[in-house]
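The values are calculated or read from the model by the stated rules, or taken from the named source; none is laboratory data. None of the values given here were measured: they were computed from a predicted structure. Quick reminder, even Gly has a Cβ in these numbers, built from the backbone with ideal geometry, and neighbours come from all protein chains shown.
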Amino acid sequence: MAVLLVIIIGLVAGSYPAFVLSNFKPIAILKGKLVSGNSKQGLRKVLVGVQLMLSIFLISSTLVMRKQLSFLQNKNLGYDKEQLMVVQLNVPRGGRLVERVRTGFEKAEQFKAELSKTPEVISVGASSHDFGYGGWTNIGYTDDNGTYRTFNLNIVDYDYMQTLKMEFAAGRNFSKESPTDYKRGVIVNESLLKEYGWSDAVGKELPGKNFGDHEVIGVVRDFNYESLYTKVTPLVIVMDPAIILQGAQNVNIGYTPVPKLMIRLHPGNLTTSIEKVKEVWNRLTGDEEFVFDFVDQALAEQYRNDMNLGKIVQIATLLAMTIGSLGLYALASLAMQNRVKEISIRKVMGASENSLFVLLSKDYVALIAVSLLLSVPITFYLMKSWLQSFEYRVDVGWEVFIVAGAISLLIALATISYHTIRTALSRPAETLKYE
């Protein structure tokens, strides 16, 4: 695809010079009487202007996309994604899903006991859902006022919140010192408070008639448990899913809620840490396949298409800048050839090299300025549309166009400077001696 793109651009870029050169008369060229009409000169400027406008558009788009992708990689998600390893536990199929989930958490406790003896491991938690793959369990129910509501559900253990380094806006985490937390403790996120219009949730119950006996013990600060394409939605976190499931009208499970180990590793030699975790896995499971992932890598994979698009735009930018520079170089070459005598006469009349350089360059600076002005609304509209696909995004910003214009101006001046300086420094006697 990339090779085909290069061939097409090469053919389009080379077609116009080929047509122009094919119309030149050899006798006129040999006599030094190459003349370019105003209409042809104007057409060349228009074509070069379009190339410059495309270059500025691509430079601006590249800067915006790099800015957004950098934002995605560095945004505070509400938890620490670094050195966070995820291992899916295996539970035999068959029986009720709730029982399989409970069996999975019992198995997780065995792993936690063994992994706590491993120096490379900081902490271990367990969760029915992880990050980067979506498909969280969604619960739908009708509240006491007859309003149909939904929220996502996650089942965790005592150490989950601590392992992910989450912060609480109110209340507290699940605690082994509070025996009732396992059976009736509920933690919600800030988005659920906003959805329900609550100013405080600690001590309350979810407004559904059929939920089991429970109490909200904490409010966790919003964390991006799904991709940044979507906003944070209401989330309920429990240790025992029965208190929620018995009051649900609809349950949609996108990805298996069988627990995953969330393992926080010490920074350093990840290869050694992975091997240590694998040793524990093999010791407890025998011949089961060891499958793992890292949260930061899984999150990066969500934006793979946008990153690939960014790379394509960067390549297109380099091609457009190269073609635009060649167009400017050819335009300057023809223009300077037609103005040699004019410049010589100006020098005879006392014009300085600096003033001639400004005179010869101003048309191209104006051409770049016009191209910039025309490309700004196009770039702004298209980049705004692209950014709309992200719930969390950066602004386009005017600095993008300033940088793009400055880059284009520097490239253009560097491209035409050779012809401009050579013409401005030419000796009038050599040019005018045959006149």
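Right, Glu289: within 27 Å of Glu109 (Cβ to Cβ), surrounded by 13 or more Cβ atoms within 10 Å (Cβ to Cβ) and among the acidic types (Asp, Glu) or not? Judged against the criteria, Glu289 is not a match. When Ile139 is tested against the conditions (1) among the β-branched types (Val, Ile, Thr); (2) closer than 18 Å to Pro241 by Cα; (3) under 30 Å from the mean Cα position of the chain (by Cα), the lone failure is (3). From the list Tyr160, Tyr229, Tyr182, the one residue that fits, being of a type in the set (Phe, Trp, Tyr), crowded, with 20+ Cβ neighbours inside 10 Å and on the phi < 0 side of the Ramachandran plot, is Tyr160.
Can Ala126 be described as in the same structural domain as Lys278 (by TED's automatic domain parsing), small (Gly, Ala, Ser) and outside any helix (DSSP H, G or I)? Yes: the conditions hold for Ala126. Exactly one residue out of Ala351, Ala330, Ala335 is surrounded by 14 or more Cβ atoms within 10 Å (Cβ to Cβ), modelled with pLDDT under 85 and not in a helix (DSSP H, G or I): that is Ala351. Inside the range 61-96, residues that are assigned to a helix (DSSP H, G or I) and surrounded by fewer than 17 Cβ atoms within 10 Å (Cβ to Cβ) make up a count of 5.
The single condition among (1) part of a helix (DSSP H, G or I); (2) under 16 Å from Lys107 (Cα atoms); (3) of a type outside the set (Gly, Ala, Ser) that Asp240 does not meet is (1). Among all positions in the range 221-228, there is no residue which is part of a loop (DSSP other than H, G, I, E, B), among the charged types (D, E, K, R), within 21 Å of Gly185 (Cα to Cα) and out of contact with any strand residue (DSSP E or B) (no Cβ under 8 Å at 6 or more places or on another chain). Within the range 118-141, the residues that satisfy the criterion of being at pLDDT 90 or above and among the small types (Gly, Ala, Ser) are Ser123, Gly125, Ala126, Ser127, Ser128, Gly140. Kindly indicate the residue of the range 292-301 that is in a helix (DSSP H, G or I) and surrounded by 18 or more Cβ atoms within 10 Å (Cβ to Cβ) and also farthest from the chain's Cα centre (by Cα) among those meeting that condition. By that ranking, first place goes to Val295. Residue check: Gly140 meets all listed conditions (1) in contact with a Pro (Cβ under 7 Å, 6 or more places away or on another chain); (2) under 19 Å from Tyr225 (Cβ atoms) but one, namely (1). From the list Val280, Val216, Val232, the one residue that fits, being among the β-branched types (Val, Ile, Thr), modelled with pLDDT of 90 or more, touching a strand residue (DSSP E or B) at 6+ places or on another chain (Cβ under 8 Å) and not in a strand (DSSP E or B), is Val232. Evaluated against (1) in contact with a strand residue (DSSP E or B) (Cβ under 9 Å, 6 or more places away or on another chain); (2) charged (D, E, K, R); (3) without any contact (Cβ under 8 Å) to a residue 40 or more places away in the chain, Lys81 falls short on exactly one condition, (3). On the stretch given as the range 387-434, residues that are modelled with pLDDT under 75, in contact with a Phe, Trp or Tyr (Cβ under 7 Å, 6 or more places away or on another chain) and either assigned by TED's automatic domain parsing to the domain that holds Leu228 or β-branched (Val, Ile, Thr) (or both) total 4.
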